Structure formats: C-alpha cells, structure tokens
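The values are calculated or read from the model by the stated rules, or taken from the named source; none is laboratory data. The model shown is predicted, which means the values in this text are computed figures rather than measured ones. Positions of Cβ are backbone-derived with ideal geometry, glycine not excepted, and every protein chain shown enters the neighbour counts.
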C-alpha cells in the first residue's frame, strides 16, 4: 500500500497519516525531510525538494502527507510542477480540510500563538487559553489559507486531467472514516475540542478579512 494525503494544517491529516501507517504497517514517508524545508524559494530549495520526492517515489510502500504550502515556491509565489510528485504511484489519495473557513484559520492562529500543533496526550490540552485578538499582523494566516485552498483546487484539476481518483474528507468526517475503513487502530493523536469563537475575542473579523483577500 502506498498512500498520499494532501491536508490543510489542523485538519486531522496527522491522525489519518498515523492510522494508515499503523493499519498497513508501512512507513510514514518524507515527514522529516519536508518539515526541514522551511525556506521555500531558490534553486537549492527546489533541488532538495525534488531529490526528496524522487527518493520516496522509489519506495514501494508508505504513506506521505503534504500541506498545500509545501507544494509551492515563494518569491514570487508559484505552484510547483505537479509532475514532480508522481501522484500516479499512489494506491490511495486523500484531501483533508475543514468546511468552516473561520475555524480552519483560527485553529492555525491559535496553534501558532501557543506553539502547539499536534496533541498526543490529554495533558497537552491547554485550558484557559486566550482571549487572543486577531490583529493585522496575524492576517498572513488568512493569506496562507486562501493560497492553500487555491493549490488544492489546482491539484484536483490536475487529477481530473490525469484520471486520478481521490477521497475528500472534512475534519468532522475523519473519525468515522477511520473507524469504518481502518478498524482496530489506536492512534496517539487526540482531539482538543477548542472553541475558537470563545478563544479569539474578535473571531468574526477572520471571515471579514478572508472575504477581502485575493491570491497575491
């Protein structure tokens, strides 16, 4: 089994990643390599990314996860050549996201504020968070979300052109999908149940900023 997840940050893609790895007893591919590529511009970045993709494409089994912004180069912003990713090698491809635009952006904003993106123990869950104010300095979270959705749409169009199938899962659908398709797997990730409209004092401003945002 070889699987690929293209997931928005904080969309339960990590849970799905771990579940597939455990269910099929296959490696998680590229996680360390991808996460070290923080500066996403320049020829060195492109060459490193392509080498990583090539290395993992030579493996017969495994599961890999890309966040949409790991599929671009900056300065200027441009989506990379999807041929490099060799998506036809995968038996299964997933997209994960959150239907709520505000919650998706708020989740990343809060995760950045408290410097916590994944939770593997109830002790990790923080109480009495905030309240935080979503200021102009935080608007890059909206830009990143906007760009991420655009990238995912472009990937889907590429898949249509190449007759590749995929499964799309909303954040709320992931637990039931896992239970129905990968029964008996216990994963280390847990749910926080944070209420972002309570944690962010001007939560409604997030969607207002989003509605004023353009791609560039």
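For the subset of the stretch 98-115 comprising residues that are over 22 Å from residue 168 (Cα atoms) and over 15 Å from the mean Cα position of the chain (by Cα), which member is surrounded by the most Cβ atoms within 10 Å (Cβ to Cβ)?
Going through the stretch 98-115, the residues over 22 Å from residue 168 (Cα atoms) turn out to be 109-115.
Now narrow it down to the ones that are over 15 Å from the mean Cα position of the chain (by Cα): 110, 113-115.
Details: 110: 23, 113: 15, 114: 13, 115: 6.
That would be 110.
Run down 181, 202 and say which single residue is within 27 Å of residue 112 (Cβ to Cβ) and either out of contact with any helix residue (DSSP H, G or I) (no Cβ under 8 Å at 6 or more places or on another chain) or buried (at least 17 other Cβ atoms within 10 Å of the Cβ) (or both).
Sole residue among the options that is within 27 Å of residue 112 (Cβ to Cβ) and either out of contact with any helix residue (DSSP H, G or I) (no Cβ under 8 Å at 6 or more places or on another chain) or buried (at least 17 other Cβ atoms within 10 Å of the Cβ) (or both): 202.
In the stretch 28-51, how many are surrounded by fewer than 19 Cβ atoms within 10 Å (Cβ to Cβ), outside any loop (DSSP other than H, G, I, E, B) and more than 16 Å from the chain's Cα centre (by Cα)?
Residues meeting the conditions: 8.
Out of the stretch 17-27, which residues are crowded, with 17+ Cβ neighbours inside 10 Å and in contact with a strand residue (DSSP E or B) (Cβ under 6 Å, 6 or more places away or on another chain)?
Passing the criteria: 17, 20, 21, 26.
One residue is enough: does the stretch 52-67 have a residue meeting the conditions touching a residue at least 40 places away in the same chain (Cβ under 8 Å), surrounded by 13 or more Cβ atoms within 10 Å (Cβ to Cβ), out of contact with any strand residue (DSSP E or B) (no Cβ under 8 Å at 6 or more places or on another chain) and assigned to a loop (DSSP other than H, G, I, E, B)?
Looking for residues that are touching a residue at least 40 places away in the same chain (Cβ under 8 Å), surrounded by 13 or more Cβ atoms within 10 Å (Cβ to Cβ), out of contact with any strand residue (DSSP E or B) (no Cβ under 8 Å at 6 or more places or on another chain) and assigned to a loop (DSSP other than H, G, I, E, B), one finds none in the stretch 52-67, hence no.
Condition (residue is touching a helix residue (DSSP H, G or I) at 6+ places or on another chain (Cβ under 6 Å), within 24 Å of residue 206 (Cβ to Cβ), modelled with pLDDT under 95 and not in a helix (DSSP H, G or I)) applied to the stretch 102-124: is it met by at least one residue?
yes
Working only within the stretch 71-83, note down all residues that are at pLDDT below 95, surrounded by 14 or more Cβ atoms within 10 Å (Cβ to Cβ) and not in a loop (DSSP other than H, G, I, E, B).
Those that are at pLDDT below 95, surrounded by 14 or more Cβ atoms within 10 Å (Cβ to Cβ) and not in a loop (DSSP other than H, G, I, E, B): 71, 72, 73, 79.
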